[in-house]
Structures are given as structure tokens and as C-alpha cells.
1. Residue under question is Leu76, and the condition is that it be within 15 Å of the ligand (Cβ to nearest atom) and touching a strand residue (DSSP E or B) at 6+ places or on another chain (Cβ under 7 Å); does it hold?
2. Would a scan of segment 375-395 turn up a residue that is in contact with a Phe, Trp or Tyr (Cβ under 6 Å, 6 or more places away or on another chain) and buried (at least 17 other Cβ atoms within 10 Å of the Cβ)?
3. Determine, yes or no, whether Glu327 is over 26 Å from the mean Cα position of the chain (by Cα) and farther than 18 Å from Leu399 by Cα.
4. Which count do you get for residues in segment 620-672 that are over 19 Å from the mean Cα position of the chain (by Cα) and on the phi > 0 side of the Ramachandran plot?
5. So which of Thr592, Thr614, Thr551, Thr604 is more than 25 Å from Ser686 (Cβ to Cβ) and in a loop (DSSP other than H, G, I, E, B)?
6. Would you check which residues across segment 265-300 are more than 16 Å from Ala458 (Cβ to Cβ), away from the ligand (no atom under 14 Å from the Cβ) and touching a helix residue (DSSP H, G or I) at 6+ places or on another chain (Cβ under 7 Å) and list them?
7. Inspect all residues belonging to segment 303-312 and state whether any of them is part of a strand (DSSP E or B), farther than 16 Å from Gln464 by Cβ and either aliphatic (A, V, I, L, M) or at pLDDT below 95 (or both).
8. Evaluate the following for Tyr561: is it under 21 Å from Pro490 (Cα atoms), among the hydroxyl-bearing types (Ser, Thr, Tyr) and touching a strand residue (DSSP E or B) at 6+ places or on another chain (Cβ under 6 Å)?
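The values are calculated or read from the model by the stated rules, or taken from the named source; none is laboratory data. This structure is a prediction, so every number in the text was calculated from the model and none was measured. Cβ coordinates were reconstructed from backbone atoms using ideal geometry, including for glycine residues, and neighbour counts include every protein chain displayed.
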Amino acid sequence: MAQYTSASTALAVIRLRNPPVNALSLPVLQALEDGLKRADADPSVKAIMICGENGKFSAGADIQGFSLPKTRGISLGHFVSLIERCEKPVVAAIEGVALGGGLEVALGCHYRVAHVKARMGLPEVTIGLLPGGEGTQRLPRLIGVPAALDIITTGRHIPATEALKLGLVDEVVEENTIEAAIRLANKVIGQPLEPRRLSLRPVPKLPNMEAFLSEALVKLKKQARRYLAPELCFQAVRAATELPFADGVRKERELFNVLLTSGQAQALQYAFFAERAVQKWTTPHGSSWQNASPQPIHKAAVIGLGTMGRGIVTSLVKASIPVVALEQNLEYLNTGRKAVMLLLEREAMKMEQGAQTLDFHNPARLQFTVDFDALRDVDLVIEAVFENMPLKKEIFQKLSRICKPAAFLCTNTSALNIDEIASATSRPQQVVGTHFFSPAHIMRLLEIIYGHHTSPTAIATAVQLGKVLKKVGVVVGNCFGFAGNRMMFPYVEQAVFLLEEGSRPEAVDQVLEDFGFKIGPFRMSDLAGLDVAWRSRKGRGLAGDSVPPGTPARQRHGRRYSPLPDLLCENGRFGQKTGKGWYQYEKAGGRTAKPDPWLHNVLTQYRDTHHIKTRFIDQEEILERCLFSLINEGFDILAEGIASGPEHLDVIYIHGYGWPKHRGGPMFYASTVGLPRVLAKLQRYSEAHPDVPALRPSTFLKKLVAVGNPPLKEWMSYLSRPSNKL
Ligand code: 3H9
């Protein structure tokens with residue numbers, strides 16, 4: 001757990017050992033303490049070096065351990081103080097990462113040497129905590145309040161070169177960090193240690209500390225709305241500016257405990273592990289990350305330079321993958337090219353700030369064409385044209401003829417049947433869905449959809465592509481809307497039904513935004529454009545001329561249907577792009593949504609026409625009907641084997657749909673509400689709306705309640721035989 005060795009008679013080495021990231025579990029810390037005591041007691045030892053096994057210093061406290069009651073009382077600060085109080089100089093040799101408690105241990109050391117590729121930081125805030133090993137008190141004393149506040153409240157990882165500039169480390173080396181640390185340790189033997197003990201230093205003064213802190217707090221509250229940890233991090237740093245070290249540490253501990261027991265910390269830590277869990281993908285047919293190998297992608301192509309295609313090209317260029325961008329004619333190609341270049345220029349500017357460069361003017365890296373022949377040598381194609389099955393099939397047939405046999409053919413469809421698209425090719429095993437989210441160069445989610453014939457290699461290649469693009473890839477099965485949109489349909493449907501029954505777009509949006517969504521369903525629909533879903537409804541015979549005569553206005557296939565969104569589209573109200581949708585905007589393309597009296601009048605008339613009695617709908621009903629119908633669909637998706645665990649759905653919602661991370665995703669949220677309550681509410685709403693299938697409780701949800709509401713981790717074990725629809 002921490003190995004004690006000697007580099008020479010005078011130098012003791014304590015190596016933290018807890019693979020894979022040397023997390024500071026209790027046994028590691030106890031072994032560290034034992035090592036310090038042994039070195040202290042040995043008169044031949046004149047200095048101590050602390051380093052980590054396998055080229056990593058430490059990623060901090062063991063996050064799994066926070067949920068274990070026996071580790072709750074442990075104070076990392078005790079161990080850090082022991083290091084600092086040591087009468088022999090202690091040098092930290094930082095390789096790989098020194099994060100969270102790992103950096104706090106290094107701050108207890110009297111000197112720090114880092115490898116040039118090492119990253120440091122206090123990312124506790126990202127998992128709902130604050131640095132609880134006295135880091136909020138030592139860091140401001142070492143690098144000053146502004147820099148410490150930035151590092152602690154953002155949780156960002158700092159490269160070694162920046163750490164050196166800030167004074168966080170004493171030396172950065174390109175070669176062997178351990179040897180450099182040994183050299184430094186030998187050099188400082190006998191030098192006074194008092195000035196190196198950070199707890200004894202004053203916090204560097206600022207001429208305007210109070211004004212600086214007030215301004216910083218205002219900014220923080222604006223940026224981190226509804227998140228507890230950033231503000232409590234701030235309070236801990238403020239304590240360092242106001243209190244002696246020991247009192248500041250007491251304050252830090254008090255605030256840490258508030259966060260530790262908060263639901264937010266649990267949700268954010270769940271999200272941390274969920275993101276890692278989804279990387280270990282499996283399918284009901286037995287293929288998995290363990291038995292499939294990705295193929296390298298040296299060159300890719302994107303077909304269609306609409307909003308999605310442009311973002312996908314940008315994403316590939318940013319990842320240094322040469323791209324061929326194809327459009328159907330020169331006019332569309334030129335428009336697309338201009339838009340892509342603009343996006344890339346903006347990205348290049350952002351990257352320059354981080355001292356990186358983006359090469360996109362080289363035609364060997366980015367080529368624009370209308371000629372399908374240019375796709376002959378690409379390893380992977382991403383089709384991003386209109387959501388139109390005949391068009392997609394035509395393209396895939398062409399690709400199947402033109403692309404080399406080993407090339408993977410991906411579709412960016414957000415809902416259409418992957419198998420049907422694949423049926424147009426002679427290589428259905430190479431066809432896979434890669435559903436990006438808009439804007440595709442920014443949103444982190446990549447939904448990866450396998451069809452009936454998709455090979456494990458194709459899945460693994462899409463997953464690998466996601467990693468290279470710095471996205472979170474989630475592998476799911478094939479069904480209409482896949483996992484994310486399929487869950488979104490009932491959510492949006494409920495929002496519209498609530499309008500029919502008496503609510504308003506601004507009331508529904510407000511409730512969901514107060515819950516933590518970045519934007520509510522109506523603002524979201526205005527942003528995305530109402531015409532997209534309208535076209536899809538028309539294609540599916542739900543709206544427009546294809547609806548058989550005599551079909552009741554508010555019913556389709558025996559279920560309740562709302563023609564309200566169609567009505568808006570018939571009036572040319574497509575959302576922000578037309579300046580009008582569920583809201584009105586200052587102009588076409590405007591972004592400031594204002595409630596629209598036109599819509600309120602239409603709603604009143606609509607209710608009169610359809611004899612709907614307007615009623616007051618409270619916030620609880622709005623929230624529950626929207627969220628529980630979405631969650632209910634999630635249980636069906638799990639039962640059908642479309643997603644292999646609740647974590648998958650939660651990661652999809654956090655990274656693709658703006659679900660508030662501090663609530664851990666919809667399925668985690670359901671587990672915190674309690675499945676019996678979710679079920680009871682769905683039963684009640686379903687009784688009130690028997691013609692809405694989305695409110696009818698899922699059989700899987702009922703089963704979980706019947707077996708006693710087991711913890712989320714155990715849910716999947718209650719599916720007797722995961723039956724995939726495929
Ligand atoms: C803290 O320190 C609190 C203190 O201030 C006060 C305490 C009182 N614990 O991400 P990866 C696992 S809070 C347990 O896939 P990468 C991870 O789950 C802590 N496990 O690799 C995965 O397991 P598996 C503050 C951890 O190379 C494996 O390690 N520290 C921890 O992409 C590999 O991880 C943080 O918040 C941990 N601390 O990235 C740092 N860290 O193989 C959190 C990782 O079973 N960690 N694991 O799936 C990270 O940011 C990244 O993991 C890291 C490596 C950058 C280190």
C-alpha cells in the first residue's frame with residue numbers, strides 16, 4: 001500500500017502503491033504514516049522522498065470509500081500534517097497525476113519536483129466536495145488567493161509548466177523525476193524547514209482582498225447555479241484569508257462534512273463512476289469491450305454539411321483526423337465550407353489560448369468535394385444528411401459500391417432504423433449508428449448504435465473514435481429514437497399535453513429549469529427548430545396530408561395526440577430561426593425568448609374548440625409528469641436490453657440532454673425519489689390519462705418495486721432474461 005525503501009543510507013523512499021491510480025485508501029495512508037515514523041526513528045536517514053507507483057503520484061482520496069461509513073471519520077489532514085511536521089526534509093516526486101488528496105499530500109511535503117508531463121489539481125469540486133486534506137488552507141498560502149481560488153473552484157487540471165510558474169512546484173524536469181527529487185533531497189539536507197512548512201506561512205495579502213472576494217463570489221454564483229460545492233470551496237478559501245491556519249482547517253472540515261453528506265456529492269460521484277462504467281460496453285449477444293478490437297481510422301469522410309455535418313467535420317479536424325467533406329452540389333458545398341471554416345477559426349482561437357495549434361488549411365487534412373469518388377480510400381464515413389430513409393438508403397448503397405471493403409459506414413441518424421439503412425449495403429456488419437448531439441464539436445455525448453448485423457469490431461471502432469474525439473461514447477441497441485430520443489419523446493409529449501390542459505410554455509420551462517435543466521422543453525424545441533419533428537411526424541403519417549380522413553384531431557392509433565406543435569408549424573412558427581415558435585423573439589434568429597400573447601390566445605381557443613376544461617396545474621404535476629414518463633421509458637429500454645444498465649441512460653442524459661449532473665441522471669434520480677413513489681405517481685397519472693401509454697408504469701419498474709426497491713446497482717440482476725428486440 002506504501003512501500004518503504006532506501007535510495008541510499010541517507011534517503012528513505014515512500015512509494016504510494018494502490019493501482020491503478022494510487023488512490024489514498026486508509027491502508028495506504030496508514031502505511032504512509034508507518035513509513036514516516038520509521039524514517040524519523042532511523043538516525044541514518046537524513047531526508048525522505050514520497051512518490052507513486054507506476055508513474056503516477058496519486059489521484060487523491062479513494063472516491064469509492066466516501067460511501068463506506070468506516071472511512072468517513074478519516075482525516076487526510078492528519079497525515080498531511082505529519083508529513084509537514086517531519087524534522088527531516090520531505091520531497092514529493094510528482095509523476096503522472098497529483099490530484100485532490102494526492103496534491104494535498106504533496107503540499108504537506110517541504111519540496112515538490114514534477115515531471116513536465118504531470119498534471120496537478122484539486123478536482124474535488126467536480127465530485128461535489130472540497131479539498132478536505134487542508135488543501136484549501138495550504139494552497140492559498142503557497143500560490144496566493146486568486147490562483148488558489150481558481151484551481152479549487154474549477155477543479156481544472158494544471159500542466160506542470162503552469163504549476164512551476166504559479167510556484168506550486170519547485171522544479172520541473174523532462175527526464176527522470178525520481179532522480180531529480182533525490183538530487184534535490186540530498187541538496188536540502190540540513191537546511192531550515194520552518195520556511196517550507198506552508199501552515200506557518202501567512203496568506204499573501206492583496207491590496208483589495210475584500211473587493212476581490214466579493215466579485216469572485218458573484219461570478220461563481222452565476223457560473224455554478226444550483227451547485228453547492230463551488231460556493232463552499234469559496235467559503236473555505238475565504239476562511240484561509242480570515243482565520244489562523246488551525247481555525248481555517250476546522251472550517252474546511254466543517255464545510256467538507258456538509259458536502260460529503262449532501263445528495264449532490266453522491267450524485268456527482270455516481271456520475272464519475274457511471275462515465276467510466278459505460279466504457280466497458282457489452283451487447284446482449286456477448287460481444288464486449290474485452291473481446292473486440294477497434295480498427296485505426298487514418299482518414300474519414302462526412303456526408304452532408306448541415307448543422308450536424310459541420311460540427312462533425314470540426315470535431316474530426318480537431319482530433320487531427322484527415323477529413324473529406326462531401327455535399328450534393330457546389331452551392332451547398334460552398335455554404336458548408338464557409339460555415340466549417342468559421343467554426344474551425346473559432347476553435348483555433350480557443351486552442352491558441354491554451355498554446356495549441358489547429359491545422360485546417362492543409363487540403364491533405366481537410367478536403368471539400370461533391371465527388372463520391374473522393375471517398376475511395378477513407379477508413380470511415382459518417383453520413384449526416386436529412387432524416388429521410390430513402391435518401392439515406394440511396395447514399396449507403398452508393399457508399400457500399402465506392403468505399404474500400406474495410407471501410408466502416410456510420411450514420412448520424414437520431415432515430416431511424418440502423419438495420420434498414422444497413423440493408424442497402426453489401427456490408428451490414430460494417431454499418432453502425434454514430435449519433436452526435438448539436439453542436440457536434442462541443443457536446444460530449446456520442447450515442448453508438450449497433451444493428452442486428454453490426455460486428456463487434458465496428459462497435460469497438462466507433463467507441464475508439466468517440467475517445468479520440470474526446471467524447472463519451474455510449475453503446476445502445478437499435479429501436480426508434482435509440483435510448484436518448486426515445487426517452488425524450490414522452491417528456492416532450494407530456495409538456496405539450498400540459499399546455500392543452502391549462503399550463504403555458506413559460507410555466508413548464510420554468511419548473512424544469514428550476515429542477516436544473518439548462519433549458520426547458522419549449523425553449524429547447526424553439527432552439528432546435530419545430531420543423532424537424534414536424535417533418536418526421538408527417539413522414540410517419542401522424543401529421544399533414546398523410547393522416548387518413550376522419551382521424552380525430554387529438555388521437556392517433558388509439559392514443560392521445562396533440563396537434564398543437566403541427567398548428568404552430570402550419571403558421572410558419574419554427575422557433576428561433578423564424579423569430580416565433582412557442583415564444584416570440586426579437587427577430588428571426590433571435591435568442592431572447594418572450595412569452596407570446598398570440599400563443600396564449602391560440603391555447604384558449606384550442607381548449608374551447610376541443611372542449612378541454614382549463615385547470616390550474618401545479619409545479620409538482622409538471623415535474624412529475626415530464627420526468628416520470630421519461631424515466632418510465634428508461635425502465636422499458638433496460639428491460640428490452642437496448643441499454644445495458646441505468647448508468648448508460650444517465651450518462652446519455654447528462655452529456656446529451658442537459659440533465660443536471662448534480663442530480664446524477666434520470667435513473668439515479670428515480671432511485672433517490674424511491675421507485676415505489678415513482679410507481680405510485682405514474683399509476684395515478686395513468687388512471688387520469690388512460691389514453692397515454694407513456695404514463696402506464698413499465699413492467700420492469702413494477703417488478704423492482706415488488707422485490708423491495710433494490711439499490712440501482714442491483715436493478716439489472718432482476719431482469720431474468722435480458723431480451724433484446726434485435
Ligand atoms: C479527494 O481527494 C478528497 C480529499 O481532498 C479529502 C479526503 C478526506 N478513487 O479515469 P480513469 C479509478 S477526492 C477511486 O478511467 P484516466 C477509476 O474509477 C478525489 N478510484 O483513467 C478507474 O477505475 P476502473 C479527488 C479512482 O487515465 C481507474 O481508476 N480526485 C480514483 O482516464 C482509472 O481511471 C479526483 O477527483 C479515485 N480518486 O484518468 C480524481 N480516480 O478501471 C479522479 C480514478 O475500475 N480521477 N479511479 O474503471 C480522475 O480524474 C481520473 O481517473 C484520472 C485518470 C485523471 C486520475
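1. yes
2. yes
3. For Glu327, the condition - over 26 Å from the mean Cα position of the chain (by Cα) and farther than 18 Å from Leu399 by Cα - is not met.
4. 1
5. Thr592
6. Within segment 265-300, just Ala267 meets the criteria.
7. yes
8. Considered against the rule, which asks whether it is under 21 Å from Pro490 (Cα atoms), among the hydroxyl-bearing types (Ser, Thr, Tyr) and touching a strand residue (DSSP E or B) at 6+ places or on another chain (Cβ under 6 Å), Tyr561 comes out as yes.
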